[in-house]
Amino acid sequence: MEVQFPIKQILNEDGVVVNSEFENEMTESLTKELYIKMLRARMFDRKGVNLQRQGRIGTYVPFEGQEAAQVGSSVVLKEGDWMFPTYRDHAATLTYGHSARNLFLYWKGYPIGCVPPEGKNIFPPAVPIASQLLHATGTAWAEKMKGTDRCSIVYFGDGATSEGDFHEGLNFASVFNAPVIFFNQNNGFAISVPMEKQMKTKTIAQKAVAYDIPGVRIDGNDIFVVYFETKKAMDHARSGNGPTLIEAVTYRYGAHTTADDPSKYRDQEEAKRRRETTDPLLRLERYMTNQGYFDEAWKTQVEEEITKEIEQAVEDMEAFGPAEITDMFNHVFHTPTWSIQEQFESFQSRMKEEV
Amino acid sequence: MSTAVKTQKLTMVQAITDAMATMMREHDDVLVLGEDVGKNGGVFRATEGLQAEFGEQRVIDTPLAESGIIGTSIGLAMNGFRPIAEMQFLGFIYPAFNQIMTHASRIRSRTLGHFTVPMVIRAPFGAGVRAPEIHSDSVESLFTHMPGIKVVVPSNAYDAKGLLIASIEDPDPVLFLEPMRCYRSHKIEVPEDKYTVEIGKGARLQEGEDISLIAWGAMVDVVKKAAKEMEEAEGITCDVLDLRTLYPLDRDLITESVQKTGRAVIVHEAPGTGGVGNDVVSLINDTSFLHLRSPIKRVTGHDTPVPMFAIEDHYLPDAERVKQAIIDIVRF
């Protein structure tokens, strides 16, 4: 199966083009756009970890190392498409247009952090593993019934493929020919459990065979292959040909969450080595250098702009004020039931007494 | 000029079909999906004729996967449709529990109203029809305990149609429980046109002075029988309530009744521990403690799995058990 599902690459680790299929489209402006978006994601992520360390937000889930997979797959979405992230996919949600302030607020435990900007159909991070595959299928199926060309993309990890909802999602999507992209980020570990303990199959892409849908295995740290393969899958879906399973093989350099210690379960030298060799940003830098349009001054300028944006988002997060307590009561139902209404009133009178 | 409402005699299961057809004719966004709901018309024939009338795009035979049915219905509901998802039996809903608990019931809350899930989950439930194992569970309290979903249980054809239409029109998820014992037990006059029965409102089926009998679903007939026999044998008159909605409970109706009679027996076929009867007891305690003339009694299923059907009659509350409870309380 590894032979039938080889890892597709456009750029190798040295930033050299090994597959020229899309070379015409790999323009300087696209390359720079992708680079800026990946850098933005990485800087956001590092800021998230720092904010947690400083006690300014709660537990944070870092994604460093997975920027190419998330940015390359989300940048091809169009307005109105549906995105279903996990809790590690804020590079994808940020790239698609989620507000950085709300993303930080999410990790600060604020309910408003789950609310996407108007016009962006971004679901809150799915916490129960693989449950979101069915929602992506349902929303995509709805678009198909409405006769639009919109589609859904859903993110999930290697561990998620063990869940029943993974199978049910792929099966329903294939049966109903729903325009959905199942975007798997195989980072090799479900917290501490490595892939070989998760499944006997050597690839995740091969599972597509069981549903008679296309399955593609790509180098998840190669932004170009992610970008072009996701685009291809979306065009396929938008023109009524149904779902695709994409396995983006990647690696998270850091911990599962800021509450996790990966040195307990994996070799830290390996993470270090991978950072040096397979890093998606370094790889694109190498390519850009080879192309003759990477320079440090440009990078510094881009970094300054991103820093400004992220610092503003942090400032906005901290200026947001206390979380709205009444959010707890106000949105359980369209109209509160009497028990919720009564509990709310009782809560309010307690609050008044305290003041 | 006649103002008479045109009616037809229907069983409960026919009234349920009629409710879905009524709403599907009126609204293109209403879909029916589930296992065997298409050509077969559902294992109880609740969707009979719907696929023929509305087509395979709107009456959809799904793969055999409860989590898949509910999970994709959530996506459909978030994106402009109003799915009615059929669980073949309530006892088969467990694979979908995660989808209902962590998503359907809390998407509105999580997104502060940005995304909503206007879906109905229909599920036949309850014992007493000689069904195989697992088919007879009454686990309504798993869902009344779940914030963000309403739980509705009709006991007759009229309420079934009106409540199902109200459930489809509700902007939030509703679990619509259909007592199998009532599917074909009565045929009553049901209006042909559209009407609703308000969610959250129970019904007083019979006026009485001495004791309130509170039940829902298939236990309503049991309670009515007990009430009739008590009046004939002992002259005890019962105020009989059919709650019809288990979340939110009809507090006003229960309170008014218990404050009048000063006594209450609650009857349900689900296990006593953790059952909705306990919420009714709490409600009476909160509203009517000083009106009580005796302790409240519950007549419930045992804290056992619903047994195989050769012995299920010994699990289910019957009129004799209800009558004994009434006597115990009135003579307290």
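The values are calculated or read from the model by the stated rules, or taken from the named source; none is laboratory data. What you see is a predicted model; the values in this text were computed from it and never measured. Every residue, glycine as well, gets a Cβ built from its backbone with ideal geometry; the counts of neighbours run over all protein chains shown.
Results, tabulated for the structure shown:
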quantity: Residue list for the stretch B:1-38, filter: modelled with pLDDT of 95 or more and assigned to a loop (DSSP other than H, G, I, E, B); calculated: B:Lys6, B:Thr11, B:His27, B:Asp28, B:Asp29, B:Glu35, B:Asp36, B:Val37, B:Gly38
quantity: One residue from B:Ser167, B:Ser155 being buried (at least 22 other Cβ atoms within 10 Å of the Cβ), over 15 Å from B:Leu10 (Cα atoms) and of a type in the set (S, T, N, Q); calculated: B:Ser167
quantity: Condition met for B:Ala96 (closer than 24 Å to A:Ser152 by Cβ, buried (at least 22 other Cβ atoms within 10 Å of the Cβ) and within 11 Å of chain A (Cβ to nearest Cβ)); calculated: yes
quantity: Cross-chain or 6+ apart pairs with Cβ under 9 Å, the stretch A:320-344 first and facing another protein chain (nearest Cβ under 7 Å), then hydrophobic (A, V, I, L, M, F, W, C) and part of a helix (DSSP H, G or I); calculated: A:Asp327/A:Ile112; A:Val332/A:Ile340; A:Phe333/A:Ile340
quantity: Given (1) out of contact with any His (no Cβ under 8 Å at 6 or more places or on another chain); (2) within 25 Å of B:Asp279 (Cβ to Cβ); (3) buried (at least 21 other Cβ atoms within 10 Å of the Cβ); (4) more than 14 Å from every other protein chain (Cβ to nearest Cβ), index of the condition B:Glu86 fails; calculated: (2)
quantity: Residues that are at the interface with another protein chain (Cβ under 10 Å from one of its Cβ atoms), surrounded by 24 or more Cβ atoms within 10 Å (Cβ to Cβ), under 15 Å from the mean Cα position of the chain (by Cα) and not hydrophobic (A, V, I, L, M, F, W, C), drawn from the stretch A:89-143; calculated: A:Gln132
quantity: Qualifying positions in the stretch A:144-162 - within 12 Å of chain B (Cβ to nearest Cβ) and over 18 Å from the mean Cα position of the chain (by Cα); calculated: A:Lys144, A:Met145, A:Lys146, A:Gly147, A:Thr148, A:Arg150
quantity: Only one of A:Phe183, A:Phe156, A:Phe123, A:Phe176 that is in contact with a Leu (Cβ under 8 Å, 6 or more places away or on another chain) and at pLDDT 95 or above; calculated: A:Phe156
quantity: Residue list for the stretch B:110-141, filter: within 11 Å of chain A (Cβ to nearest Cβ) and either part of a loop (DSSP other than H, G, I, E, B) or surrounded by fewer than 20 Cβ atoms within 10 Å (Cβ to Cβ) (or both); calculated: B:Thr111, B:Leu112, B:Gly113, B:His114, B:Phe115, B:Thr116, B:Val117, B:Pro118, B:Met119
quantity: Tally, over the stretch B:223-248, of residues that are among the hydrophobic types (A, V, I, L, M, F, W, C) and surrounded by fewer than 24 Cβ atoms within 10 Å (Cβ to Cβ); calculated: 4
quantity: Matching residues in the stretch A:288-302 - criterion: being surrounded by 15 or more Cβ atoms within 10 Å (Cβ to Cβ) and touching a helix residue (DSSP H, G or I) at 6+ places or on another chain (Cβ under 7 Å); calculated: A:Met288, A:Phe294, A:Val302
quantity: Top-ranked residue of the stretch B:45-83 - restricted to ones that are of a type in the set (S, T, N, Q) and not in a loop (DSSP other than H, G, I, E, B), ranked as farthest from the other protein chains (Cβ to nearest Cβ); calculated: B:Gln51
quantity: Filtered residues of the stretch A:202-259 (kept if among the charged types (D, E, K, R) and surrounded by fewer than 21 Cβ atoms within 10 Å (Cβ to Cβ)); calculated: A:Lys202, A:Asp212, A:Lys231, A:Lys232, A:Asp235, A:Arg238
quantity: Leading residue by the ranking (nearest to B:Phe115 (Cα to Cα)) among those in the stretch A:59-85 that are crowded, with 22+ Cβ neighbours inside 10 Å and of a type in the set (Ser, Thr, Tyr); calculated: A:Ser74
quantity: Exclusive hit being in the same structural domain as A:Asp149 (by TED's automatic domain parsing), in contact with an Asp or Glu (Cβ under 7 Å, 6 or more places away or on another chain) and of a type in the set (Gly, Ala, Ser), set A:Ala69, A:Ala41, A:Ala92; calculated: A:Ala41
quantity: Residue that is surrounded by the most Cβ atoms within 10 Å (Cβ to Cβ), among those in the stretch A:261-278 that are touching a Phe, Trp or Tyr at 6+ places or on another chain (Cβ under 8 Å) and among the charged types (D, E, K, R); calculated: A:Arg274
